[in-house]
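Scroll down for the structure; my scribbles are underneath it.
The values are calculated or read from the model by the stated rules, or taken from the named source; none is laboratory data. These numbers come from a predicted model, not from an experiment. No Cβ is skipped: glycine too gets one built from the backbone with ideal geometry, and neighbour counts run over all protein chains shown. What goes into the accessible areas is simple: the full protein's heavy atoms, side chains included, and nothing from ligands, DNA or RNA. Shrake-Rupley method; radii C 1.70, N 1.55, O 1.52, S 1.80 Å.
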Amino acid sequence: MLDQILVTLDGSEFGEQALPFAKAIAEKTGASVNISHVSCCDLPTDLIQNTPFQYEGVSMEAYAEKHADEQREYLRRQESAMKAELPRNRVCSALLEGYVTEALERHAREIDAKLIVMTTHGRTGVSRAWLGSVADSLVRNSTFPLLVIRPLEDGESFPSARFEHFLVPLDGSGPGEKILESTLPLAKAMGARITLLHVVSPHVTLGARVSPLPSGHLEERLAKAEAYLAGVKDRLTAEGVETSYRIESHFAPARAILSIAEGEGADLIAIATHGYTGVKRAILGSVTDKVLRAAKWPLLLERPSVAS
């Protein structure tokens, strides 16, 4: 059950754009909403207490406590505003301490969160290549499903909190299907329809060489994709979710995913992320990685477990 949503805020109006999405889901699912913020200092408490330096005329410890009080007040305001929209007993807030990603993961485990909702910065210029350090770390390391809200092309405004049509790219693997575990209950609760997508490359890559597939191989791949998606569609339809599928032949899967999301009028892209770093990320996670950094739609992400 999608019964506990964790919303992480960074203290900015930008970050608060995650709240309408959490509220929309909570209204349909009856989930509780936990609003969290990680205290400003990523430094360990003992280091703050033993640091002789001063900031704004006070010790680091005094400054950290003053700032923490301001953050608690900020969270209280956000909690009160959400309680005006949802039943009061289903809304709470928490000021967390520690390194941001670790603190959020720990708190998510403590409250048994089923979904983490957050915004991420960066849509123009060089910054467009980055999700933002916290979001990027969670995408690579979190064991929880993430709903990441991206700004639109202007870098400032956000999409509306609509959940009517989900695009779900699948690569045919078990780990890739992990995303369905999060997508299905959300689609059922929100009354959304699902379009499954599988992209078949018409080329084969050997080292630096890219060549067309041998005669008949593309048709064989397309036929296998048809059988695979038809089976997944039947499973989702049996669960009561309106489901269709598309198969595309394209040399750049990420580009195809983004183009079809635009053409289909999707409200959300749901995709599994392998969570790799370094060379593995460049080779194995490239499709999801490119979608993450170019999409203007909210993204529902889940990292498959090591076992899967």
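Structural remarks
- Residues of segment 244-262 classified as open to solvent by less than 60 Å² (accessible area, probe 1.4 Å) and without any contact (Cβ under 8 Å) to a residue 24 or more places away in the chain, total: 1
- Note on segment 253-302: residues that are at pLDDT below 95, of a type in the set (S, T, N, Q) and out of contact with any Ser or Thr (no Cβ under 7 Å at 6 or more places or on another chain) amount to 2.
- Residue list for segment 29-51, restricted to those being surrounded by fewer than 18 Cβ atoms within 10 Å (Cβ to Cβ) and at pLDDT 95 or above: G30
- Flag if E153 is among the acidic types (D, E), modelled with pLDDT of 80 or more and on the phi < 0 side of the Ramachandran plot: no
- Only one of the listed residues (L75, L104, L95) is in a helix (DSSP H, G or I), over 24 Å from L186 (Cα atoms) and either out of contact with any Pro (no Cβ under 9 Å at 6 or more places or on another chain) or at pLDDT 95 or above (or both). That residue is L75.
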